[in-house]
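The values are calculated or read from the model by the stated rules, or taken from the named source; none is laboratory data. Nothing here was measured: the structure is a model prediction, and the numbers come from that model. So basically every Cβ, Gly included, is an ideal-geometry build from the backbone, and we count neighbours across all protein chains shown. Accessible surface is based on the protein model in full, side chains and every heavy atom, while ligands, DNA and RNA are left aside. Shrake-Rupley method; radii C 1.70, N 1.55, O 1.52, S 1.80 Å.
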Amino acid sequence: MSLELVFDYVVSPTFVRGAVMTLLLTVCSLFFGVLVGLVIALLQDSKTKALHGVTLAYLWLFRGTPVLFQIIFVYNVLPSFGIRLSAFVSAVLALSLNEGAYMAEILRSGLQAVKKGQRTAGLALGMTGAQVMRFVVIPQAARVVLPPIGNQMIGMLKLTALVSAIAVQELLLVANQTASADFRYFEALTAAGIYYLMMTTVFMGLLNLLERALDPKKRQRRRMTLTERLLGSGTSPAIR
């Protein structure tokens, strides 16, 4: 084992590019996965049987097949139908569709956690359906779905390693190719593991900050503390 070689790998441009590619795949796939999941979650409550059947078929298909199968299918089968995508776009498409199947249930549970009485109250105040969703439902649902979405984000980071099957130069493929050149697998994989742990730690830290920001009790305590400070200094909160 050579710690110096591990450090050289960590700071090498090849590993940095691989880490950036992994991060880009994670963010893009998670973003589109949330959008797909939100659409599916809304369609699941549709009274139209055709739309409801489409959502059930989508969930059945993408939950019932392995992610690696979906990645290879998108990359190798779609060109036979005249749809030619780059390896990166194929990877993002497959990961997003797979992620959407799981995000749909997470988002649906969050939306259902908001009581119908609050939606009715919003409509009674003259809000439109879109305004009720934006100002009443989504802010409350966000607090419910944030922890599982954070777990999905970390899971997506690790799932990106599967796209090496279609030659996307993500972190694990870079580490494997580097090690195969000099057979220093321990050092190369250790360097890749350091990057994975760093990115996971950052994601967990951001998630913790978001949970604190959305916690109503903590926000109320901060307001009370600010009010006490203002009153203590002789300044009125209203004037402030």
Hits in region 26-53 - residues which are modelled with pLDDT under 85 and of a type in the set (S, T, Y): S46, T48
Search result, residues across region 58-68 that are aromatic (F, W, Y) and loosely packed, with under 12 Cβ neighbours inside 10 Å: W60
Matching residues, region 1-13, being open to solvent by 60 Å² or more (accessible area, probe 1.4 Å) and part of a helix (DSSP H, G or I): L3, E4, F7, D8, V11, P13
Search result, residues across region 136-160 that are out of contact with any Pro (no Cβ under 9 Å at 6 or more places or on another chain), of a type outside the set (V, I, T) and open to solvent by 70 Å² or more (accessible area, probe 1.4 Å): N151, K158
Some residue of region 139-152 being in contact (Cβ under 8 Å) with a residue 12 or more places away in the chain, under 20 Å from L210 (Cβ atoms), touching a Leu at 6+ places or on another chain (Cβ under 8 Å) and among the polar types (S, T, N, Q): yes
Residue in region 172-185 that is open to solvent by 80 Å² or more (accessible area, probe 1.4 Å) and either under 25 Å from the mean Cα position of the chain (by Cα) or at pLDDT below 80 (or both) present: no
Residue count for region 123-135, restricted to those that are open to solvent by 90 Å² or more (accessible area, probe 1.4 Å), in a helix (DSSP H, G or I) and farther than 19 Å from L38 by Cβ: 1
L214 over 18 Å from G18 (Cα atoms), surrounded by fewer than 17 Cβ atoms within 10 Å (Cβ to Cβ) and among the aliphatic types (A, V, I, L, M): yes
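Which one is most open to solvent (accessible area, probe 1.4 Å) among residues in region 81-122 that are of a type in the set (F, W, Y) and over 21 Å from A142 (Cα atoms)?
In this case the residue turns out to be F81.
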Any hit, region 97-112, residues being at pLDDT below 90, assigned to a helix (DSSP H, G or I) and of a type in the set (G, A, S): yes
